[in-house]
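Heads up, the thing below is written out as structure tokens.
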Amino acid sequence: MGTKITPYKNKEATKKAQVAKMFDNIAGSYDFLNHFLSLGIDILWRKRAVREIGKISPKTILDIATGTGDLAVEASVLKPTKIVGVDISEGMLEVGRKKMKTKGLDLIIELQSGDSENLPFEDNSFDAVTAGFGVRNFENLPKGLSEMHRVMNKGGKLAILEPAEPNTFPFKQLYSLYFKWVLPLVGKLVSKDNAAYTYLPESVAAFPSGQAFLKELEIAGFKNPQHIKLTFGVAALYTATK
Ligand SMILES: C[S@@+](CC[C@H](N)C(=O)[O-])C[C@H]1O[C@@H](n2cnc3c(N)ncnc32)[C@H](O)[C@@H]1O
């Protein structure tokens with residue numbers, strides 16, 4: 001695994017505490033910036049992830065690192081009986097809870113405070129587990145992945161979305177310019193957080209992607225891990241079963 005990248009480069013605070021603080025800080029502008037900076041394509045990536053778990057018609061879904069709950073909302077089209085979203089940032093969850101009320105989804109989708117590396121659920125509790133752009137932020141990735149495996153039912157399906165770095169010309173070069181210069185500048189101006197959108201490209205660069213991530217999934221106990229490149233490799237969808 002790569003070097004530990006933290007948002008505020010503060011050696012006193014754990015990565016988890018820094019990540020929670022960062023998302024509390026940007027919670028109010030997170031949804032707008034997400035859609036603006038990805039030109040709305042993030043919505044299609046979540047739909048693609050939901051299509052994968054839809055193959056097993058899950059009745060119960062756990063959305064890890066749910067944030068403001070966009071992946072949970074997308075998963076509601078599968079008509080499950082229950083979706084639970086967990087996150088360590090109360091600020092993000094608050095924005096998410098208002099969203100669920102507005103959309104009339106608050107009876108199906110429950111957003112609760114919780115740490116992915118120590119999930120407050122019994123073994124074999126959910127048919128599907130999802131994580132949208134969250135696992136890169138874990139303090140301890142192997143622990144987080146093995147917790148996701150533990151709470152998933154046998155025969156269940158996992159779908160993880162992560163930003164990625166394209167590696168073919170000219171996408172690699174164009175994306176690098178955008179991701180390292182344009183995105184941090186716009187992110188800083190809109191969110192008013194100096195670190196969050198610099199941490200994003202740094203954390204993506206340090207994250208084990210592609211084959212390396214498939215290996216992590218296998219070590220955590222998942223079967224048949226697969227990597228699907230999205231939008232010229234700008235995002236990655238990882239799927240697996242238990
Ligand atoms: C980029 S946001 C993604 C939100 C949402 N899943 C989406 O698709 O837009 C990442 C989220 O991961 C959460 N997170 C990071 N580490 C976590 C952990 N150990 N346990 C739970 N949530 C965590 C952050 O608080 C943040 O809300």
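Summary table
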{"quantity": "Environment charge at PRO166 (Cβ cut-off 14 Å; Lys +1, Arg +1, Asp -1, Glu -1)", "calculated": "+1"}
{"quantity": "Cα-based shape type of segment 123-242, given that a ≥ b ≥ c are square roots of the gyration tensor eigenvalues and the cut on a/c is 1.5", "calculated": "prolate"}
{"quantity": "Rounded, prolate or oblate (a/c below 1.5 giving rounded, otherwise prolate when a/b exceeds b/c) for segment 50-152 by Cα gyration tensor", "calculated": "oblate"}
{"quantity": "J(HN,Hα) series, segment 27-42, from Karplus relation 6.51 cos²θ - 1.76 cosθ + 1.60, nearest Hz, glycine and proline x", "calculated": "3, x, 10, 4, 4, 4, 5, 4, 6, 5, 6, 9, 6, x, 5, 4"}
{"quantity": "Semi-axis lengths, Å, the chain, gyration tensor of Cα atoms, sqrt of 5 times eigenvalues", "calculated": "25, 21, 18"}
{"quantity": "Residues with amide H under 5 Å from that of LYS82, placed H, sequence gap 5 or more", "calculated": "ILE61"}
{"quantity": "Gyration tensor verdict on segment 36-97 (Cα atoms; rounded if a/c is under 1.5, prolate if a/b is larger than b/c, oblate otherwise)", "calculated": "oblate"}
{"quantity": "Order by protection proxy (mean Cβ within 10 Å, highest first), peptides 153-162, 72-81", "calculated": "153-162, 72-81"}
{"quantity": "Given LYS180/LYS242; LYS172/LYS215; LYS55/LYS99; LYS15/LYS188; LYS16/LYS55; LYS59/LYS172, the pairs whose alpha carbons are separated by over 29 Å", "calculated": "LYS180/LYS242; LYS16/LYS55; LYS59/LYS172"}
{"quantity": "Vicinal HN-Hα couplings computed from phi for segment 231-237 (Karplus, 6.51 cos²θ - 1.76 cosθ + 1.60; Hz; Gly/Pro x)", "calculated": "6, 6, x, 6, 9, 10, 10"}
{"quantity": "Given charges at Cβ of Lys, Arg, Asp, Glu: the chain dipole, positive-most of LEU141, THR14, THR241", "calculated": "THR241"}
{"quantity": "GluC sites (Glu not before Pro) restricted to segment 103-190 and DSSP loop, no more than 10 other C-beta within 10 Å", "calculated": "GLU122"}
{"quantity": "HN-Hα J in Hz across segment 86-103 - Karplus 6.51, -1.76, 1.60, θ = phi - 60°, x for Gly and Pro", "calculated": "10, 7, 8, 9, 4, x, 5, 4, 4, 4, x, 5, 4, 4, 4, 5, 4, 8"}
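Laboratory data are not the source of any read-out in this text; all were calculated from the coordinates shown. Because the structure is a prediction, the values reported are computed rather than measured. Please note: Cβ atoms are built from the backbone with ideal geometry, for glycine as well, and neighbour counts cover all protein chains shown.
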